[in-house]
Each structure stands twice: as C-alpha cells, then as structure tokens.
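Since the structure comes first, as structure tokens, the remarks are kept for the end.
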Number of protein chains: 2
Amino acid sequence: MNKKHNFSAGPCILPQEVFEKSAQAVLDFNGIGLSILEISHRSKDFVPVMDEARAIVKRLLNLNDDYEVLYLGGGASLQFLMVPFNLMKQENGKAAYLDTGTWASNAIKEAKRLGTVHVVGSSKAENYSFIPKDYKVGSEYDYFHCTSNNTIYGTQMKTFPDVDTLMVCDMSSDIFSRQLDFSKFDVIYAGAQKNMGPAGVTMVVVKKEILGKTGRDIPSYLDYSLHIAKESMFNTPPVFPVYASLLTLQHLENNGGIAEAEKRNEAKAKLLYDEIDSNPMFETFCKKEDRSLMNVPFKITDESKKEEFDNAWKAAGINGLNGHRSLGGYRASLYNALPIESVQVLVDVMKSIK
Amino acid sequence: MNKKHNFSAGPCILPQEVFEKSAQAVLDFNGIGLSILEISHRSKDFVPVMDEARAIVKRLLNLNDDYEVLYLGGGASLQFLMVPFNLMKQENGKAAYLDTGTWASNAIKEAKRLGTVHVVGSSKAENYSFIPKDYKVGSEYDYFHCTSNNTIYGTQMKTFPDVDTLMVCDMSSDIFSRQLDFSKFDVIYAGAQKNMGPAGVTMVVVKKEILGKTGRDIPSYLDYSLHIAKESMFNTPPVFPVYASLLTLQHLENNGGIAEAEKRNEAKAKLLYDEIDSNPMFETFCKKEDRSLMNVPFKITDESKKEEFDNAWKAAGINGLNGHRSLGGYRASLYNALPIESVQVLVDVMKSIK
C-alpha cells in the first residue's frame, strides 16, 4: 500500500493503527468469531466499547463526573438544533452567538427557530478573516455559543471569553488538538470526523446540572437528558464509528494525550506558516493572531505558477490540498494524525516553486 | 476464524463478502492508497459511492424517479420525528397510526408533539400478539403510519391497507426481505442495521411530490427537501456505514435481488416454524397468520429444560438467541444474510431437547 500525505479537511487522516485495528474488527472482533458490524449494540462485546469511549473522553479532557459524554448520530448540524432545544427557554428564550464562519452561521440559523438570537460579534463583513474579540455576554442570555475553529477560513479562537451564562462550543475541528480548561464549558460538541474518528458519529459533552430548565417539550432524539439516562444507547448507536473513535482516542492517550498532541500540532503549524510567511509565492487569508493550528487555507500569489504547483504537490503524493469552494486556493489541514514529515513534503514542494 | 451462527436481532449478520470488502476498504479504498475512513465525502472516490447507494435502492425496490433516496444519521428513532415534521400540517395536523409494538408506539409518541394522532388500530392490550386489520383511514388524515415488521413481538404485516392519504412505513426490520409494491408507499424508512448494512445510517425513500405542503417551519437537518436538494450530502454523511450498505445491496442484487431473497427467507422461516409447531417443547408468542419471516420469538414450554437448551445452542456455535428483555424466552432472527444451514443447526438443537 502506497500511503499518501493526506491533508484532507475532513473526514481526514487517522492513525494507521486505527485503520489496521478497525479493519481487523470488521473481520473478527476481539477474536469472538463475529464482525463488529454484526453484533448487538447491547451485547457484552460492545457495551464495554461504548462505556470506555465515554470514559476516555472525560480522562483526556480532564472533566469530572459533573459531565456526561454522548455519542450521537446526525452530525454537528443536528447539534445546531439540539443545543437550543435543550438550553433555550421556551418563554422569551434568548441566546448569544459568535459568528466566525459558515458553521457558526448555520448554528445561528437553527437557533433562531426556537428563540431570539443576538449575534454578539461577527467577522462576516470581512469574509471571516478574524475572530471578533470585543464583546460581552451577560446573564440575560440563556447561553453563549461559539465555534472554536473555523475549517473554511482557517481561524481559531485562542482564548475564550468569560461569560455570565452557559458556555457552549462547537469544537468539531480542533477537539483533542490543544490543551484548554474544558471545565469552562457547559456543552462541547464535535463531529468525530477530524481528530476523533471517522464520519458518522458526533460526540457531545454535557454538564448535567444545566439540563431540564427550559420548560420546553423536547422530542426524544433531541433530548440530552434522555440520551444520558440511556447511557448513549437510547437507540442503536453508530457502532463502527464509535469503535473507531475509541481506537483513535486510545492512540492519543497512549501517545502523551492532548499535551503531546498540542506540541506536535504547534510544530507542524509553525513549519508551514513559517514557509508561507517567508515565501512570497504564498499567503494566507486571515489575521496572523487568529491563525488556526488545524486548517491552513492559503493562496498562490502568482497564478501563472498554479499549474506547476498543482503538478508538484500531486507528484509528491499529497492528497486533499484543494481549497474550500467558498474561498478557493489551497487548504492544508494538519489534524492530530498528520505526521510532520507530510508537512515537510509540502513545504519542500512550496520551496521548489520559483 | 471460527464463524458463528448469528441469530442476532440487529445489528445482525451481513454477507461475509461485505465484511471482507469493507475491511479491505478500511485499509486501502479501491487501491487509492487511502482508507475509506480518511477521504473527503465530497471526493471523487466517495461521491460515486453515495450516488450508487441511492440508485441501487430504487432498482431493488422497483421505484421510478418520482422517488428520492436519502442516507441519514440518527436512526429510525429520528425518523419518528422527521415524518411528522415533514408531513403533518402546521394547522390542525392529524395523522393515523397503527400501533403494533414498541417501535410503532415510540413513533406515535413523537408524532403527538406536532399534532393530533389517531391510533386506528392497536394490539397493545393483547401484548402485541397480532396485527390489527379492521380499520379504515380516510382523507381527513395527513398521513397513515405503520410498522411493517415488529422485531420484539415477531409479527409482520402481510398486506397493507388501501388508505385515502399518504402511506408511511417503518420497514427497518424487513426492508429488502420480500417483494412488495413499494410504489404504494409515499415514505419508507429503515435503520440499516438489519438487512441493509451496519448500524449508523438510516435509509429514507420519499416520493418528492408530497413534500412542502404542511406550512410548517422545518429545522434544516429534519427537512427531507433539503437533504434531497443536497443529494444526501447536506452535511458529512456516515461514510463507512453508507459504503458497507452499498456492498450489502450489491450482494443482494448479484444474488437474484429481493425475489430470490424472499424465497430463501420463506424456506428458512418454514424450517423453523415447522419445528416449533411440531415440537411440544417450544411455542411462539403470536398469532400464526401474523408470524414474521424475519424474527421468531419463541419460548420453551418446560422451564426445567432451559439450561439444557441454552447449553446446547451455545455449544453449537449459535449467537444472539436470547429473547428481548420485554418478552423473555428466545428470538431467532432470520435476516437475509443468515444461511439456511444456520437455521438447520438451531432446529437440530431443538430436536435434541426431550
């Protein structure tokens, strides 16, 4: 197998060990003579997978038992709806949202169906090229919602505000990539398909005490409390995506946890940004201070060299470098599982373009 | 690998070929040097998978282009909510439901949140041991909802009523197992994890012309029209479960389609029911005329023989025969991929209990 340098924005590269172990489990899970695809989610073979997949998240994020971890279907897009269903009051519900890009904007759209949304900061007018910072969120809001990393625009929140209400964060594209005080948050959610696992499952971390206070009738599947009561087995969970996520998180834990991942991610990002900053052929789209360690969208300054660059990175075995359709150019995603050697290959190609 | 006789009620046995091909794709998908878990859902490698996964369903169910096929997350339980969101009118919405078991009852619970539900028939008072048949559904209802097969109680609708409204059916546990006039239905949905694929994706078939008529504001993820417009790629789909489902459906198509599967399923069910009917040691829970070809819950009539029977079927390499917790006893699920040889092994064990 000729492995490529995979810079895909998601679904994206995972540790090779995850591919090998999960492929084996599809053939024969833990030597039980059955595929992981054909066993009951309530079997003695799978229940420990779900239990450990929930427990390892709390260990990695350093969260205590005030928090519960869920694995749900429907993607982060369904969380855009579940968050207001669970946290926005039925009567005069009001939430504060930070608008830092497409996904934040989609979250706002769903919340507006259930109550009043105040956008307390937005960089939309400048094509989301920075993270708004001068805003206050008072106790008049049911909650504050932000997006920690913006895959399309390549910006990332380096700090999080102190707010006088519940703190909700969509961490889909940078969860497990850097150390944060995760206990600052009341709800964290993340589509697995970046640093956490394959597509098809979304992790939700909820501080239990915040639930049940909206006076709202919540449909069963949208109700965090119900999923918590059923230990994330309200209905058949996405068995294989949960298992592959567990393998990914075990790999992270066995390799120094988030602390070491963060160091590796900083080194990879520095290597690439240093090249972009020193090479007049390339430039980024966003403010330096808000640059993401995970996603690096960039453009070529001399369009006449585009074909040469495209041919060169493809010849070097690089995959997934095309930019998002809404921004154009290129995008290098540097998720946890991407080795620095792949970044060096890209940097070498960039240096070769004169 | 010592393969077992897998009677699990779901997730359940799939064709061995599906395990082998999908395990290979986890290591290297189509020889592209990347795992199917690490490629973009919008890549030229995955888009054809989604396109074909949608197309093959229409071929197998013999449906024309009036219908669209979607692959969604959240399970059939989320469909319990999506159906009324998409079909029940905002003003004076009213739907007719047939109550044939736990899943039907759960569907009713969600629909009641959005409008009036009339249960036009129910066998609840007799522990769901039969399918109600004497009911009429007139045009005063926005739609009629039924459950084609009841995994827990082992009953199955052999015929479907002629109704004067839209026809919606949860076919989670018998889709692709028998020939029906599928064009009789306006919405068919099915969690994949029985005859269709692994857990983590739900197939929805919708007749397009019925949508957009409720006057209701539908949240994005719950809106069939939006998923149709985005060709089931509104957000990141469950990539691996969709691919494994496609492999399962290709296996079905290559082995005579639904017509041949139905013959095999009838032969398997006859073999088991004949043994139950002729062996005084065993009996079923439900009316003969409504017996499911997919799920056969049964009990042992002499409890003193239970340990002997349990030891015997376990020794024979049988898996997943324990009954559902709400009914007790045993349950043999005879999904498409279960070979008749496995049923013969079970029948031989049953014959050995004196």
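The values are calculated or read from the model by the stated rules, or taken from the named source; none is laboratory data. The shown structure was predicted, so the numbers you read here are calculated from the model rather than taken from an experiment. Positions of Cβ are backbone-derived with ideal geometry, glycine not excepted, and every protein chain shown enters the neighbour counts.
Annotations for the structure displayed:
- Number of positions in the stretch B:129-141 that are under 17 Å from B:GLU91 (Cα atoms) and either of a type in the set (Ser, Thr, Tyr) or surrounded by 23 or more Cβ atoms within 10 Å (Cβ to Cβ) (or both): 2
- Among the residues here, A:GLU260 qualifies as of a type in the set (Asp, Glu) and closer than 30 Å to A:MET350 by Cα.
- Failed condition for A:VAL204, given (1) in a loop (DSSP other than H, G, I, E, B); (2) touching a Leu at 6+ places or on another chain (Cβ under 6 Å); (3) more than 10 Å from every other protein chain (Cβ to nearest Cβ): (1)
- Just so you know, in the stretch B:326-354 the residues that are hydroxyl-bearing (Ser, Thr, Tyr) and exposed (fewer than 14 other Cβ atoms within 10 Å of the Cβ) include one that is farthest from the chain's Cα centre (by Cα), and it is B:SER352.
- In the set B:ASP51, B:ASP28, B:ASP45, only one residue is free of Cβ contacts under 8 Å to residues at least 12 places away in the same chain and more than 30 Å from B:PHE298 (Cα to Cα); that residue is B:ASP28.
- Residue in the stretch B:52-61 that is part of a loop (DSSP other than H, G, I, E, B), touching a strand residue (DSSP E or B) at 6+ places or on another chain (Cβ under 6 Å) and more than 12 Å from chain A (Cβ to nearest Cβ) present: no
- Qualifying residue in the stretch A:305-321 (condition: within 20 Å of A:ILE175 (Cβ to Cβ) and not polar (S, T, N, Q)): yes
- Hey, A:PHE234 among the hydrophobic types (A, V, I, L, M, F, W, C), part of a helix (DSSP H, G or I) and within 14 Å of chain B (Cβ to nearest Cβ) or not: no
- So A:GLY74, is it within 27 Å of A:SER123 (Cα to Cα) and touching a strand residue (DSSP E or B) at 6+ places or on another chain (Cβ under 7 Å): no
- Selection of first residues in the stretch B:92-118 that are over 14 Å from B:TYR141 (Cβ atoms) and away from every other protein chain (no Cβ under 13 Å) and of second residues that are of a type in the set (A, V, I, L, M, F, W, C) and surrounded by fewer than 20 Cβ atoms within 10 Å (Cβ to Cβ), restricted to Cβ pairs under 6 Å at least 6 apart or on distinct chains, gives the following pairs, ordered by first then second residue: B:ASP99/B:VAL119.
Here is a yes/no grid of residues against (1) part of a loop (DSSP other than H, G, I, E, B); (2) without any contact (Cβ under 8 Å) to a residue 40 or more places away in the chain; (3) aromatic (Phe, Trp, Tyr):
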{"position": "B:PRO241", "(1), (2), (3)": "no, no, no"}
{"position": "B:GLU253", "(1), (2), (3)": "no, no, no"}
{"position": "B:ALA259", "(1), (2), (3)": "no, no, no"}
{"position": "B:GLU262", "(1), (2), (3)": "no, no, no"}
{"position": "B:ASN265", "(1), (2), (3)": "no, no, no"}
{"position": "B:TYR273", "(1), (2), (3)": "no, yes, yes"}
{"position": "B:PRO280", "(1), (2), (3)": "yes, yes, no"}
{"position": "B:CYS286", "(1), (2), (3)": "yes, no, no"}
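- Selected residue (criterion: nearest to A:PRO241 (Cα to Cα)) from residues of the stretch A:3-42 that are in a helix (DSSP H, G or I) and at the interface with chain B (Cβ under 8 Å from one of its Cβ atoms): A:SER22
- Residue within the stretch B:62-84 that is hydroxyl-bearing (Ser, Thr, Tyr), under 22 Å from B:TYR243 (Cβ atoms) and either within 14 Å of chain A (Cβ to nearest Cβ) or surrounded by fewer than 18 Cβ atoms within 10 Å (Cβ to Cβ) (or both) present: yes
- Residue-level check: of (1) in contact (Cβ under 8 Å) with a residue 40 or more places away in the chain; (2) more than 20 Å from B:PRO238 (Cα to Cα); (3) of a type in the set (Ser, Thr, Tyr), A:TYR71 misses just (2).
- Single residue of B:VAL69, B:VAL83 found to be β-branched (Val, Ile, Thr), modelled with pLDDT of 95 or more and not in a strand (DSSP E or B): B:VAL83
- Subset of the stretch B:207-231 (residues that are within 13 Å of chain A (Cβ to nearest Cβ) and either closer than 17 Å to B:SER148 by Cβ or part of a strand (DSSP E or B) (or both)): none
- Single match in A:ASP274, A:ASP290 (criterion: among the charged types (D, E, K, R), modelled with pLDDT of 95 or more, buried (at least 19 other Cβ atoms within 10 Å of the Cβ) and not assigned by TED's automatic domain parsing to the domain that holds A:ASN150): A:ASP290
- Filter result for B:TYR221 (under 19 Å from A:ARG113 (Cβ atoms) and crowded, with 18+ Cβ neighbours inside 10 Å): yes
- When B:THR248 is tested against (1) among the polar types (S, T, N, Q); (2) within 12 Å of chain A (Cβ to nearest Cβ); (3) assigned to a loop (DSSP other than H, G, I, E, B), only condition (3) is not met.
- Count of the stretch B:248-281 residues which are more than 18 Å from the chain's Cα centre (by Cα) and aliphatic (A, V, I, L, M): 5
- When A:PHE46 is tested against (1) farther than 22 Å from A:VAL206 by Cβ; (2) away from chain B (no Cβ under 13 Å), just one condition goes unmet, and that condition is (2).
- Of all residues making up the stretch A:296-321, the number that are within 14 Å of A:LYS4 (Cβ to Cβ) and surrounded by fewer than 17 Cβ atoms within 10 Å (Cβ to Cβ): 4
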